[in-house]
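Report on the following structure.
Values in this text are rule-based calculations from the coordinates and carry no lab data. Fair warning: this is a prediction, and the values are worked out from it, not measured in the lab. Reconstructed Cβ throughout: ideal geometry from the backbone, glycine too, with neighbour counts over all protein chains shown.
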Amino acid sequence: MQWDPISDEATKTAQSSKEMGDTIAATIKSIDGELRKLSLSMWSKPELGWQEKETHDLFVSYLQGKNGWKVTPHAYGMETAFRAEFVHRPEGITEDLPTIGFQSELDALPGIGHACGHNLIAIAGVGASLALANALQKHNIAGKVVLLGTPAEEMQGGKIRLLAKGAYEGMDTCLMVHPASLDSVGIMLAKADLLVHYTGHGAHAGAVPWEGTNAQDAAVLSYMNISALRQQIKPDHRVHGIIQGDKSWASNVIPAACDLMFNVRAPTANECDTLTKRVQNCFEAAALATGCKADIRVADPYKDVANNASLGDTFRAIANQRFAKKVTKQAFFASTDFGDITYALPALHAQYSIPLKNPATDKNHTPGFANAAKTQEAHDLTLEAAITIAVIGGKVASDERYRKQIWDEWKKWKESSKQQQQ
């Protein structure tokens with residue numbers, strides 16, 4: 001794996017934050033046991049997207065016990081979202097405060113629980129928020145810390161809905177970390193979910209099969225069409241999915257209905273849109289060939305994660321100086337609704353590795369990763385990652401030049417992205 005040298009500028013930025021970093025590290029150490037308890041409690045009671053009621057209440061109750069924090073349960077009209085806010089305004093400061101956002105993801109996966117480590121993401125957001133708030137007070141730095149408890153990241157785009165409701169307005173940056181099998185600040189793929197329902201006509205498969213219109217055939221043909229399409233797509237593009245029947249199916253009945261769920265992924269939102277249209281053609285062609293009706297819905301597309309370069313470089317420098325970690329810029333071939341946040345403001349979604357029993361197979365979304373997410377070793381590495389983003393948050397709050405740098409960089413990237421769409 002190629003190691004990209006850390007720039008002198010990023011190294012100096014990390015060095016200038018050492019004193020605040022020491023305060024942040026000490027704060028997180030002081031609440032280590034509390035965070036571990038939260039993580040294990042969440043891990044033991046996994047809840048699917050929009051159903052994270054116990055998880056929501058667990059974190060809301062904990063944060064309500066912290067001095068100086070304004071906690072809003074059921075935030076933005078969403079039953080399982082929350083917002084926690086801390087403000088430190090030194091005497092004489094009247095202007096708008098630098099605002100640092102963090103994330104705590106709350107949902108789990110069906111059947112395999114916290115196999116994406118959201119219990120670790122949740123405590124990283126809490127730990128970073130509490131530690132930065134304490135550092136702002138101790139060093140008398142003006143700033144606001146906002147922690148969002150975000151539901152339904154897996155498949156249903158909770159952050160996209162929060163973004164539409166104004167949850168990220170006023171933030172100077174938003175920072176989060178995610179456990180994985182690598183240490184990286186590289187891109188993540190854009191994603192579109194395609195939900196397809198084929199409607200045909202049932203008939204007795206032995207007596208009068210010619211009277212039927214086979215929805216299962218449409219699904220199988222579309223699957224084969226996509227398999228052929230893969231020969232002509234780029235190596236970093238992905239198309240994958242499943243065929244779903246229902247309880248009414250029988251081997252002697254022509255299926256009258258059939259469903260498919262497919263994901264389309266590509267390095268950028270533009271490329272994902274283009275590939276999605278090609279995949280839709282595969283579904284429509286199968287409907288035409290079989291005489292079925294196709295209902296095709298594109299649900300909750302996620303933009304690619306376009307990490308702010310300066311934030312990423314600073315993360316790499318701090319992780320290297322404080323924890324001797326070599327964080328790469330390697331792409332992570334997964335997707336998240338945080339991608340839409342990177343299109344709205346300068347933001348960072350960094351991956352950090354946790355020990356896996358079998359690194360070749362125990363990656364995210366596997367039972368092996370779920371087991372790894374509850375270990376003490378994963379917990380300790382999560383706190384290191386939380387310290388790292390909290391230190392970056394402190395730098396954004398305390399250094400107007402750095403704030404301008406990340407925003408200028410983001411605006412330049414956003415303009416370039418718009419031009420590519422034209």
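Taking 28 Å as the cut-off for C-alpha to C-alpha distance, list the pairs among LYS66/LYS412; LYS53/LYS418; LYS12/LYS70; LYS329/LYS414 that go past it. Provide the component values of the computation, followed by the final result.
Details: LYS66/LYS412 39 Å; LYS53/LYS418 39 Å; LYS12/LYS70 34 Å; LYS329/LYS414 20 Å.
From LYS66/LYS412; LYS53/LYS418; LYS12/LYS70; LYS329/LYS414, over 28 Å: LYS66/LYS412; LYS53/LYS418; LYS12/LYS70.
Rounded, prolate or oblate, given the Cα gyration tensor of the range 190-302, with a/c below 1.5 counting as rounded?
Working: a/c = 2.79, a/b = 2.34, b/c = 1.19.
Since a/c reaches 1.5 and a/b is larger than b/c, the shape of the range 190-302 is classed as prolate.
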* Among (1) 37, 24, 23; (2) 43, 23, 20; (3) 46, 33, 22, which is the computed semi-axes √(5λ) of the Cα gyration tensor in Å? -> (2)
* Asked: Short version: ³J(HN,Hα) in whole Hz for each residue of the range 328-345, in order, from phi by Karplus 6.51 cos²θ - 1.76 cosθ + 1.60 (θ = phi - 60°), x for Gly and Pro, what are they?
  -> 9, 10, 5, 5, 10, 7, 9, 9, 7, 5, 5, x, 5, 5, 5, 7, 9, 6
* Structure fact -> Non-local residues with an amide H under 5 Å from the amide H of SER181, with H modelled 1.01 Å from N and Pro and chain starts lacking one, are ASN364
* **the chain: angle of helix 400-421 to the longest principal axis, Cα-based, in degrees nearest 10** => 20
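Give, rounded to the nearest 20 debye, the magnitude of the charge dipole that the range 42-96 has about its Cα centre when Lys and Arg contribute +1 at Cβ and Asp and Glu contribute -1 at Cβ.
For the range 42-96, the charge dipole is close to 160 debye.
In what order do MET20, MET224, MET176 fall by count of nearby beta-carbon atoms within 10 Å, going from fewest to most?
Values: MET20 23, MET224 12, MET176 26.
Least to most surrounded, the residues fall as MET224, MET20, MET176.
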* **Angle between the chain longest axis and helix 269-290 axis [Cα atoms, degrees, rounded to 10]** => 20
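Report the charge-dipole magnitude of the range 190-302 in Debye, nearest 20, computed about the Cα centre from +1 at each Lys and Arg Cβ and -1 at each Asp and Glu Cβ. Each step should come with its number before you reach the end.
Working: 10 positive and 11 negative charges, 57 e Å.
Approximately 280 debye in magnitude.
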* Asked: Between their Cα atoms, which of LYS159/LYS234; LYS37/LYS395; LYS37/LYS191; LYS45/LYS159 are more than 25 Å away from each other?
  -> LYS159/LYS234; LYS37/LYS395; LYS37/LYS191
* Asked: List the lysines whose alpha-carbon lies under 25 Å from that of LYS247, not counting same-chain residues fewer than 8 positions away?
  -> LYS293
* Asked: Arranged from highest to lowest average of other beta-carbon atoms within 10 Å per residue, in what order do the peptides 318-324, 401-407 appear?
  -> 318-324, 401-407
* **Reachable aspartates and glutamates, given that their alpha-carbon falls under 18 Å from the alpha-carbon of LYS165 and they are not under 8 places away in the same chain** => GLU79, GLU85, GLU105, GLU153, ASP300, ASP337, ASP340
* If you place +1 on the Cβ of every Lys and Arg and -1 on the Cβ of every Asp and Glu, how big does the dipole about the Cα centre of the chain come out, in debye to the nearest 20? -> 460
* Ranked GLU105, GLU19, criterion: other C-beta atoms within 10 Å, fewest first -> GLU19, GLU105
* Return one number: the angle in degrees, 0 to 90 and rounded to the nearest 10, between the long axis of the Cα atoms of helix 309-323 and the longest principal axis of the Cα atoms of the chain. => 60
